[in-house]
Amino acid sequence: MRRSLSSALICAGLATASFGMRANAADMPPWPQSQPAGVVQEFVSGWYLRGDIGYRTNTNVGDMVSYYPLPTTSDIREVAMIGAGGGYKAGWFRADVTVDYSGKAKFSGNGPTPDAFTGQIESWTVLGNLYLDLGTWNGVTPYIGAGAGAVTFRTYDFEAPAGILTTDYQSNTQFAWAYMAGVAWCFAPRWLVDFSYRRVNMGEVTFNPLLANELTLKDLTANEFRIGLRYNFD
């Protein structure tokens, strides 16, 4: 009798414990599931390609040098541009090489009469650039940078007083350097859209070199507002 009572108590205790465990398991929150990795990794490294379009505005001219007469004012109009490049990112640092083409910008200068000097300027700019990425927040990475290289100018359709009329194009190459700042947004794995401002210092350009009435525009600088895409290989 005593043995039967003991067995019954043991069975009842086991049943109660089993029920309690099932109840506790039912009350427990679900096991947390691992979340997919975000598309942005602040310290990711690897090769990338880039493409850019932009608008060059407020091109400034320093001194002007000319055989008689000398323009009293100068103006270079806004112009669209396009570029491409490639580089490598290591942690917070990036380096790339960019090639940009700027379309024909109209030059005009006043002299004896308004717009006595006219012409067009196009350019190819090749720069090696270094950047510092300043951290990433919700996929957005601000950065600063600087670059140096060369710009090749081509001048067209120069007209000036004293019988100087349209000429075929001439080209000349100058040292160029730039500084820039921007924001990149990683909107998909491996893909970033890049909004940036760049200030380019382009040296000087000459219309009608080695001919009568040569005109040189010195200390050319330009403001560029750009949007581009970057693709990271790994």
Checklist outcome for this item: Note to self: with every protein chain in place and a 1.4 Å probe, the range 85-234 gives an accessible area per residue in Å² of 45 Å²
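Cβ neighbours within 10 Å, averaged per peptide: list 146-155, 188-197 in order, most packed at the top.
On the way: 146-155: 18.6, 188-197: 14.5.
Top to bottom by mean Cβ count within 10 Å: 146-155, 188-197.
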Checklist entry - Cα extents of the range 49-159 along the three principal axes, largest first, in whole Å? => result 57, 22, 21
Checklist outcome for this item: Computed ³J(HN,Hα) along the range 112-117: with the Karplus parameters 6.51/-1.76/1.60, θ = phi - 60°, integer Hz and x for glycine or proline, the list is x, 9, x, 6, 5, 10
Checklist entry - Quick one: Kirkwood hydrodynamic radius for the range 89-234, alpha-carbon pairs, angstrom, one decimal? => result 17.3 Å
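The values are calculated or read from the model by the stated rules, or taken from the named source; none is laboratory data. Because the structure is a prediction, the values reported are computed rather than measured. Methodologically, a virtual Cβ is constructed for each residue, glycine included, from the backbone with ideal geometry; neighbour enumeration extends over all protein chains shown. Accessible surface areas use protein heavy atoms only, side chains included; no ligands, DNA or RNA. Shrake-Rupley method; radii C 1.70, N 1.55, O 1.52, S 1.80 Å.
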